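Below is one structure; the comments refer to it alone.
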Amino acid sequence: MSTQLENAGITLMQGYDRSHLQPHPDLVIVGNAMKRGIDAVEYMLNAGLPYISGPQFLADHVLQGKHVLGVAGTHGKTTTTTMLAWVLDQAGLEPGFLIGGVPLGFSESARLGGGKYFCVEADEYDSAFFDKRSKFVHYHPKTAILNNLEFDHADIFDDLAAIQKQFHHLVRTIPSEGRIIAPITESNIDEVLEQGCWTPVVRTSLDANEKAKLYAEQLSADGSHFKVLQQGVVKGEVQWNMTGQHSVANALATIAAAEHVGVSIETACEALSNFGGVKRRMELLGTVRGIEVYDDFAHHPTAIDTTLEGARKRLGERKLWAIIEPRSNTMRMGSHKDGLAHSARLADEVIWYQPEGLDWDLQPVIEAAPNKAKVARTLDDIIQTVVAEAGEGDAVVIMSNGGFGGLHQKLITVLQA
């Protein structure tokens, strides 16, 4: 992000020091990582400076008067928001967008746009230390994708019902002339909609289903080629670089949302066939001596599972390595530990990284593993194992929602040497 800001000519001040707020700014936008006790926060409050949360700022100053397309769900928000912005852009609608990742199809992750449409990643995480509502409550989308819903963010949500409550706050804000797009398979979303829904819902499905208005007919097992049907009629075909059933599901949601703002299914399919993906979503970083090194953001058992499923179908019999850092707040607290061994089962060999500050032991995950698995305590351990044992044709998928100590480039450098 710092690189993008500097490229835009914006001056950065690192750290959270009160001197950054002198002379006093007109408005302080407070990020949701800011807590009481941080020097700049205490100064802001004591000096009586005007402040606002990021999502509220966006709502007040960017989204006013726009037709907002919001993408919500536990998984796939960034990728689906990028797909949607890409499709609208290719259709000539000049959408604005705000994406929580670095999209490969665009030169930046946020754009004001020239038209009336704005695509926003609608996150259920809380807005700020002074506003514990989910960010997406501020966005007032007219078109809303509810991709999927399961337990995550154990640092702020007690249980699934607490997240569903926030999702229903979102549903209450969607106009009756709007549209909600949801897959038919998500019972957790069904429960939210049963609490009250005032908006037409379009259902999607990965295969033929009478309840789904839009569904896929898969032409290849890895999700890289499929037809799109609307009420039984073929409307378009997608052939692209993405893999995995989750990618097909994201595409169907995108197509349904784009159709709501007048983009034909055929046009949307053509645009998706040229889609470049998102940085850190099964992104091939390099191939060294026939060993492919991928980077992926997976940080939840479901995301690990779906990423490896796509990779396995793409690779066939080739050896698949998964190197996983349990780094998200929820992972660090151990909320997902029971599902981890199973989530990585499709890899031939798994290396779990036990970093400093992980307050639970990964050993039970190793013992429960149906495949070859080990724990590494240093990056050098990981690199030595891969360099010693990986061979031509192998694929190494590195999974973390952080920088993983620069492991990706270190591994490529050592393999090259």
Which helices (runs of 4 or more DSSP H) does region 20-134 wholly contain that include 2 or more residues that are surrounded by fewer than 24 Cβ atoms within 10 Å (Cβ to Cβ) and modelled with pLDDT of 95 or more? 39-46, 54-61
How many residues does region 266-287 contain that are open to solvent by 40 Å² or more (accessible area, probe 1.4 Å) and in a strand (DSSP E or B)? 3
What number of residues in region 6-19 are on the phi < 0 side of the Ramachandran plot, assigned to a loop (DSSP other than H, G, I, E, B) and free of Cβ contacts under 8 Å to residues at least 24 places away in the same chain? 6
Which of the numbered conditions does residue 357 fail, given that it passes all the others? Conditions: (1) at pLDDT below 95; (2) more than 30 Å from residue 110 (Cα to Cα); (3) outside any loop (DSSP other than H, G, I, E, B). (3)
Could you check residue 167 against (1) modelled with pLDDT under 95; (2) closer than 30 Å to residue 313 by Cβ; (3) among the aromatic types (Phe, Trp, Tyr) and say which number it fails? (2)
If I ask for residues that are over 17 Å from residue 260 (Cβ atoms) and surrounded by fewer than 18 Cβ atoms within 10 Å (Cβ to Cβ), which ones from region 165-183 would you list? 165, 168, 169, 172
Kindly indicate whether any position in region 294-303 is out of contact with any Pro (no Cβ under 6 Å at 6 or more places or on another chain), open to solvent by less than 20 Å² (accessible area, probe 1.4 Å) and within 23 Å of residue 89 (Cα to Cα). no
Listed by first then second residue, the pairs whose first member lies in region 290-308 and is closer than 20 Å to residue 223 by Cα and of a type in the set (Gly, Ala, Ser), whose partner is at pLDDT 85 or above and buried (at least 23 other Cβ atoms within 10 Å of the Cβ), with beta carbons under 6 Å and at least 6 positions apart or on separate chains, are 298/304; 298/307; 298/399
Among what's in region 288-328 and is part of a loop (DSSP other than H, G, I, E, B) and touching a Gly at 6+ places or on another chain (Cβ under 6 Å), pick the residue that is modelled with the lowest pLDDT. 327
Of the residues in region 337-367, how many are under 20 Å from the mean Cα position of the chain (by Cα) and open to solvent by 20 Å² or more (accessible area, probe 1.4 Å)? 1
Scanning region 188-202 residue by residue, the ones that are under 23 Å from the mean Cα position of the chain (by Cα), surrounded by fewer than 21 Cβ atoms within 10 Å (Cβ to Cβ) and either at pLDDT below 90 or part of a helix (DSSP H, G or I) (or both) total 4
Reported set for region 211-248 where residues are crowded, with 22+ Cβ neighbours inside 10 Å and either within 18 Å of residue 305 (Cβ to Cβ) or not hydrophobic (A, V, I, L, M, F, W, C) (or both) is 215, 223, 242, 243, 244, 246, 247, 248
Single residue of region 368-379 satisfying the filter (loosely packed, with under 14 Cβ neighbours inside 10 Å and of a type in the set (D, E, K, R)) that is modelled with the highest pLDDT: 372
Checking the structure you have, find out if any residue of region 252-259 is in contact with a strand residue (DSSP E or B) (Cβ under 7 Å, 6 or more places away or on another chain), open to solvent by 40 Å² or more (accessible area, probe 1.4 Å) and within 23 Å of residue 109 (Cα to Cα). no
Note on region 299-323: residues under 14 Å from the mean Cα position of the chain (by Cα) and closer than 20 Å to residue 362 by Cα are 299, 300, 301, 302, 303, 304
Of all residues in region 380-405 being under 27 Å from the mean Cα position of the chain (by Cα) and surrounded by fewer than 18 Cβ atoms within 10 Å (Cβ to Cβ), which is modelled with the lowest pLDDT? 402
Among the residues in region 176-187, are any free of Cβ contacts under 8 Å to residues at least 40 places away in the same chain and assigned to a helix (DSSP H, G or I)? yes
Picked from region 2-11 (must be of a type in the set (A, V, I, L, M, F, W, C) and surrounded by fewer than 10 Cβ atoms within 10 Å (Cβ to Cβ)), the residue nearest to the chain's Cα centre (by Cα) is 8
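The values are calculated or read from the model by the stated rules, or taken from the named source; none is laboratory data. Since the structure is predicted, the reported quantities are computational estimates derived from the model, not experimental observations. Note: ideal-geometry Cβ built from the backbone for every residue, glycine included; neighbour counts use all protein chains shown. Heavy atoms of the whole protein, side chains included, go into the accessibility calculation; ligands, DNA and RNA do not. Shrake-Rupley method; radii C 1.70, N 1.55, O 1.52, S 1.80 Å.
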